[in-house]
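Everything on this sheet refers to the single structure shown next.
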Amino acid sequence: MSRPSKPYCNAMEPLVEQEVQRQISQLPANAIAHVNPADVVAYALNFLPSLYATTEEGWNWQQTRAKRELQGQISEAVCQGLMVVHQSPQRAESRLYSAEDSLFDAQRSLQELALYLGAPNLNWSSLVPTVKRAIFQVNQQALQQSLQQSSRSV
């Protein structure tokens with residue numbers, strides 16, 4: 001868990017954010033254009049219990065408990081949120097913005113990179129070494145192909 005800006009945090013939020021991203025990734029492209037993930041997250045969180053923690057141990061316990069006992073409720077609340085938001089998307093221009101929005105966007109980008117790089121356990125600490133390894137592998141493959149083509153033309 002990254003260090004929160006407050007001495008407490010709701011362990012339910014990242015689980016809902018992950019589920020929103022998972023369900024959105026399964027939608028057709030034309031449906032995604034009309035869905036603001038933050039609206040879906042807010043909707044779902046309003047129908048789920050808050051699971052606040054003030055320690056790493058408490059955070060881990062709440063996360064484990066939620067995954068074990070509440071995953072079905074989380075999926076259902078997100079599904080309902082997607083339907084509601086898709087049917088009546090927000091048109092307000094004065095959205096709330098915080099550093100957490102940037103963090104949410106960054107986390108979404110990290111998840112996308114994890115899929116692209118075939119590294120399901122990718123995190124911020126392993127990002128640079130994983131990208132370096134991927135670039136090295138691509139360069140090695142290109143070099144091998146170049147050598148094979150050179151040997152054929154000789």
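Descriptive notes on the structure:
- When the range 122-154 is limited to residues that are among the hydroxyl-bearing types (S, T, Y) and at pLDDT below 85, the one that is farthest from the chain's Cα centre (by Cα) turns out to be S153.
- Which listed residue, of Q111, Q137, is touching a residue at least 24 places away in the same chain (Cβ under 8 Å) and assigned to a helix (DSSP H, G or I): Q111
- Positions within the range 105-131 being among the aliphatic types (A, V, I, L, M) and farther than 16 Å from Q18 by Cα, in sequence order: L117, A119, L127, V128, V131
- Residues located in the range 65-88, provided they are within 18 Å of the chain's Cα centre (by Cα) and among the hydroxyl-bearing types (S, T, Y): S75
- Output for the range 1-57, where each listed residue is aromatic (F, W, Y), in contact (Cβ under 8 Å) with a residue 40 or more places away in the chain and within 18 Å of I74 (Cα to Cα): Y43, Y52
- Boolean, A119 is part of a helix (DSSP H, G or I) and either at pLDDT 90 or above or within 22 Å of the chain's Cα centre (by Cα) (or both): no
The values are calculated or read from the model by the stated rules, or taken from the named source; none is laboratory data. Since the model is a prediction, treat every value here as computed from it, not as a measurement. Don't worry about glycine lacking a Cβ; one is built from the backbone with ideal geometry, like all the others, and counts go over all protein chains shown.
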